[in-house]
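Trainee: Next up is a structure, given as structure tokens.
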Amino acid sequence: MPLRKKTIDFDEEIKRLESRREELLEQAATLESGNPELQRLQSEGQTIDDRLAGVRWARDEAFDDSAVSVWDEDVDEIILGGLTGREYGKVEDELGSAASERGVSLANGTARIYLVARGTVSAPYVDGYDETEELAATGELPRQFLAWAEAHIDDLSTVGGSEGNEKPFSAALAEKRRTMSADEQS
């Protein structure tokens with residue numbers, strides 16, 4: 001049972017990503033080439049381009065892609081879910097022995113396949129398969145699609161931290177640096 005579920009319509013997701021891409025382009029166009037914010041915006045833009053490629057593939061090509069036989073149905077949406085502590089622990093356990101033998105962390109590509117397989121509630125690459133077959137099928141999907149799905153699953157698996165006036169550490173650090181810099185200049 002997922003922590004929370006979300007049905008993702010590919011057309012809506014493409015519109016959302018394209019809109020965010022356009023916002024980034026507008027922001028980046030106003031910055032000078034030496035501005036460190038430009039590098040951050042470019043990095044985020046490249047990530048969005050990568051995610052767009054994955055979602056467009058799922059919408060337009062997956063069913064007809066002969067290289068990916070596990071996507072055996074033409075669908076407009078999939079359902080992803082957040083992992084509970086038990087589910088995440090199972091992923092860690094499944095990867096644990098192989099990871100410790102090879103010195104691999106949960107930030108590697110194999111972990112992404114496990115997380116996407118375990119975090120997909122309904123999609124052609126998991127429907128009707130047992131757990132072992134789900135992992136094998138998920139491993140056949142393109143990297144861009146896996147990265148996109150993993151990001152959504154991570155969001156659905158994350159709780160807290162955004163309520164009230166709390167800011168992510170990176171945003172609070174950037175604000176603190178700006179304040180300290182302004183104080184030094186006065």
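The numbers here are math on the coordinates, done by the rules we state, and not lab data. Since we're looking at a predicted model, the values are computed, not measured. Reconstructed Cβ throughout: ideal geometry from the backbone, glycine too, with neighbour counts over all protein chains shown.
Trainee: Among TYR114, LEU38, PRO168, which residue has its Cα positioned farthest towards the positive end of the charge dipole of the chain, with +1 placed on the Cβ of Lys and Arg, -1 on the Cβ of Asp and Glu, and the dipole taken about the Cα centre?
Mentor: PRO168
Trainee: Once every DSSP H run of n ≥ 4 in the chain is given -39500 (n - 2.57) and the sum is divided by its residues, what mean residue ellipticity at 222 nm do you get, rounded to the nearest 500 deg cm²/dmol?
Mentor: -20000 deg cm²/dmol
Trainee: Assuming R0 = 22 Å, can you tell me the calculated FRET efficiency for the pair LYS5 and ASP127, based on Cβ-Cβ distance, to the nearest 0.05? Working shown, then result.
Mentor: Numbers: r = 15 Å, r/R0 = 0.67.
Computed FRET efficiency for LYS5 and ASP127 comes out at 0.90.
Trainee: Now a separate question. Suppose a student asked you for the relative contact order of the chain, using Cα pairs under 8 Å spaced at least 6 residues apart; what percent would you report? Write out the running numbers ahead of the final one.
Mentor: Numbers: 190 pairs, mean separation 52.0, N = 186.
Relative contact order, the chain: 28 percent.
Trainee: Quick one: if you stick a label point 7 Å off each Cα along the C-beta vector at GLU26 and ASP154, how many nm between them?
Mentor: With each label point 7 Å from Cα toward Cβ, the separation is 2.7 nm.
Trainee: Now for a separate question. Quick one: net charge around ASP155, please, counting Lys, Arg +1 and Asp, Glu -1 for every other residue with C-beta under 11 Å from its C-beta. Write down the numbers at each step before the final one.
Mentor: Numbers: positive: ARG4, LYS6; negative: GLU150, ASP154.
Computed value for this residue: 0.
Trainee: How large is the dipole of the chain about the Cα centre if only Lys and Arg carry +1 and Asp and Glu carry -1, each at its Cβ, rounded to the nearest 20 debye?
Mentor: Result for the chain is approximately 860 debye, rounded to the nearest 20.
Trainee: Report the one residue of GLY85, ALA149, THR138 whose Cα lies farthest in the direction of the positive end of the charge dipole of the chain (charges on C-beta: Lys and Arg +1, Asp and Glu -1; origin at the Cα centre).
Mentor: Checking the options against the dipole of the chain, the answer is GLY85.
Trainee: A further question on this structure: Hey, what do the phi angles of the stretch 20-26 turn into as Karplus ³J(HN,Hα) couplings, whole Hz, using 6.51/-1.76/1.60 and θ = phi - 60°, x for Gly and Pro?
Mentor: 5, 4, 5, 4, 5, 4, 4
Trainee: While we're looking at this one, here's another question. I need to check one value: relative contact order of the stretch 1-67, counting alpha carbon pairs closer than 8 Å and at least 6 residues apart, in percent.
Mentor: Relative contact order for the stretch 1-67 comes out at 41 percent.
Trainee: Further question: Cβ neighbours within 10 Å, averaged per peptide: list 125-131, 60-66 in order, most packed at the top.
Mentor: Going from most to least packed, we get 125-131, 60-66.
Trainee: A further question on this structure: Please state the equivalent ellipsoid semi-axes for the chain: what are the square roots of 5 times the Cα gyration tensor eigenvalues, largest first, in whole Å?
Mentor: So the equivalent ellipsoid measures 34, 22, 16 Å along its semi-axes.
Trainee: So how tilted is helix 85-102 from the main axis of the chain? Cα-based, degrees 0 to 90, rounded to 10.
Mentor: 90
Trainee: How much net charge surrounds ALA111 when only other residues with a Cβ under 11 Å from its Cβ are counted (Lys, Arg +1; Asp, Glu -1)?
Mentor: Around ALA111, the surrounding residues sum to -1.
Trainee: Taking Cα atoms, how many degrees apart are the long axis of helix 143-157 and the longest axis of the chain, rounded to 10 and kept between 0 and 90?
Mentor: Once rounded, one gets 80 degrees.
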